[in-house]
Structure formats: structure tokens, C-alpha cells
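Notes follow once the structure below has been shown.
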Amino acid sequence: MKRVYILTNGPGELWDWARPLAHELNQRGIRPVLWLLPCQYASGMERACAKSLPFYDVIGPYGWAKTFYELRRAKDVGLIVQLGGDLMFGRFLSKATNAELFCYTYGKKKGLSSCSCVFTAYEVMARNIESDGVYPIVIGDLVADSLKLDLEQRREASLPVEDSSSFKVAFFPGSRPAIRRRALPFLCEVYEHLSSILDADVVTLLSPFSFDEEVKIWEDAGLNPSRESTPVALKGVDLALTQPGTNTLELLYLKVPTLVAVPYVFLKIYLLVD
């Protein structure tokens, strides 16, 4: 039986692009196969998180050499949808299996002309991507679909009523362990300063790709960790402090005032593979 293969790489692409697409395909009776590609920004928890999502199977992540070896051996590929990562992987799999390659992207990518169809979120993105033989179809932002999915899954849940006059701040410490370790003392210092000048409450949104033992570490630091979905955890929040990444799009759609910052102490760690 031929299957739909979704190729993706980092935590943002998996959670906010591949997850809503997999849900939609399942609603139509199609269980896709997920292939996790090599990614220098991976959290290390992508496979574990993917196992909780409605995929028929999860492949990878492997190193580059083994990825190409396994791509060559794939036999049941009916359609390929690449969401993030280098298109050489999708192009290689398409050539090896004769399956059509689709791609969803926010911007230009090398190899888009090899795709049977290219999708993007907005008209302005489509105009930027257009080139010889590449004419993207605007289908909307998968990040927005991801947030809608979170809200649908919590629709039946009874959420506590917010009853606080305090100024509520949300911290986003990142999806990679090394970034979160570096963020902890920084955010402790930020919260200490905020508390010295105003009546402030905090909630720290731990990524779905965080480790279970991290919850207690952030609790002990007094930063009120939450692993709820973003729309739920941000209920009643007045301001969010985050880093560059998919979180900025989520906050935009949720209309939460946001400060995006990259402290100097983070710069080295952003350049390293954890």
C-alpha cells in the first residue's frame, strides 16, 4: 500500500506544521508516515513527541549518510510532503520512488522547481517565492492551524477562572535543552527584577520537547512551569518574553503583547549544536 510521507526536521516544523497536517489527513482516513530529517536545531525529543501523534510510523532521525541509505530503500511511498529542512532529501526520495514531491515553505528554497506543487501561507510570501516554473499556492499558515487544534482538543476541559490583579508575564525558555539551561538563571534574574518593581505573576511555557525532570527544576526556581498548550497556558497573560522562533508566530496569532530578545549570554549557545 502506498502512503503519504511527511518529511520534517526541527521542533517547530514538527509541532506547528506536521502535527496539524497529520491531524487533517487522519480526519480523511489517511495515516501518514513521518520521516524526521537531520537537524542541527533538533531538541533530541522529536521522535518521542512524534510517537504521541497520529502517524502510521515514525522514521529517524538518523545521521546524513544513514538517512540517504534509508531513503533509497523506501518502497511504499505514494506522495511526499516536505515541511522544513533541505529539499535535497525530498528530491532524493522522489527520484528514488517516482513519487510526487510537495513542499510547504515561508520563503525561497533551493530545489523548489523540482516540486510538483509548492504551498505557502500568504500572498506576500507567494510573490517572494515566485520564480521560473515556481508558482506557490496560498493555503494559509499551518501555525494558526496548530493553535486551532490545541483549542479544539481542550474545548471540553474546564479551565480555572483567572482571578488575579497581578501583572502576568509568560516566559518562553526555548525548545533546545542547552538554550533552556542557559535561560534558567537569566529568567530568574528577570523575574526577580520584575517582582521588585511591580506585583507580577509568571508562567513559564516548557516546550513539548522538554524533559519530564525539567518541570521540578523550574518549579524550584519559582518560575511556575506549564506544559499546557500555548493558547491555554497564555490565558490571562499581559506580556510574553520569548526568543526568535515559531513562538513569535503563535503569540502574533493569539494577540499577546510580546518582547523578543536574544541576551548576549545566549549568543554562543545559538551557534552550537547541543
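The values are calculated or read from the model by the stated rules, or taken from the named source; none is laboratory data. All values reported here derive from a predicted model rather than from experimental measurement. No Cβ is skipped: glycine too gets one built from the backbone with ideal geometry, and neighbour counts run over all protein chains shown. With ligands, DNA and RNA removed, areas are computed over all heavy atoms of the protein, side chains included. Shrake-Rupley method; radii C 1.70, N 1.55, O 1.52, S 1.80 Å.
Observations, loosely collected:
- Listed peptides 230-236, 89-95 appear in the order 89-95, 230-236 once ranked by packing, highest mean of other Cβ atoms within 10 Å at the front.
- For Y191, solvent-accessible area (1.4 Å; no DNA, RNA or ligand), Å²: 50 Å²
- Using only side-chain charges placed at the Cβ, +1 for Lys and Arg and -1 for Asp and Glu, the dipole size of the chain relative to its Cα centre rounds to 1360 debye.
- Directionally averaged projected area (convex hull, Cα atoms, the stretch 1-148), nm²: 8.5 nm²
- The listed residues E228, E214, E219 rank as E219, E228, E214 when sorted by accessible area, largest first, using a 1.4 Å probe.
- Cα-projected label distance for Q40 with F92, points at 7 Å along beta-carbon direction, nm: 1.7 nm
- Added length on full extension, which subtracts the Cα-Cα distance from 0.36 nm per residue, N26 to E192: 55.2 nm
- Accessible area (Å², 1.4 Å probe, nearest 10) - I6: 0 Å²
- In straight-distance terms, cross-link reach from K95 covers every one of the aspartates and glutamates whose alpha-carbon lies under 17 Å from its own, apart from those fewer than eight places away in the same chain; here that gives E70, D76, D86.
- Folded to 0 to 90 degrees: helix 142-153 orientation relative to the chain principal axis, Cα: 60 degrees
- Each of the peptides 181-189, 26-34, 8-16 was scored by the mean count of other Cβ atoms within 10 Å over its residues; in descending order, highest first, they stand as 8-16, 181-189, 26-34.
- With a threshold of 25 Å on the Cα-Cα distance, the over-threshold entries among K216/K255; K109/K148; K51/K168; K2/K66; K148/K168 are K216/K255; K109/K148; K51/K168.
- Degrees separating the helix 87-97 axis from the principal Cα axis of the chain, which is the longest one: 40 degrees
- Folded to 0 to 90 degrees: helix 177-197 orientation relative to the chain principal axis, Cα: 30 degrees
- Full-stretch length increase - L239, F68 - with 0.36 nm per residue and alpha-carbon distance subtracted: 57.1 nm
- Translational D in µm²/s for the chain (Stokes-Einstein at 10 °C, 1.306 mPa s, Kirkwood Rh from C-alpha pairs): 79 µm²/s
- Heavy-atom accessible area ranking, 1.4 Å probe, most first, across T97, T204: T97, T204
- Residues listed by number, the stretch 164-189, amide nitrogen under 19 Å from T248 label point at 7 Å toward C-beta: 170-176, 179-180, 183
- Measuring with a 1.4 angstrom probe and ignoring ligands and nucleic acids, V138 comes out at about 60 Å² accessible.
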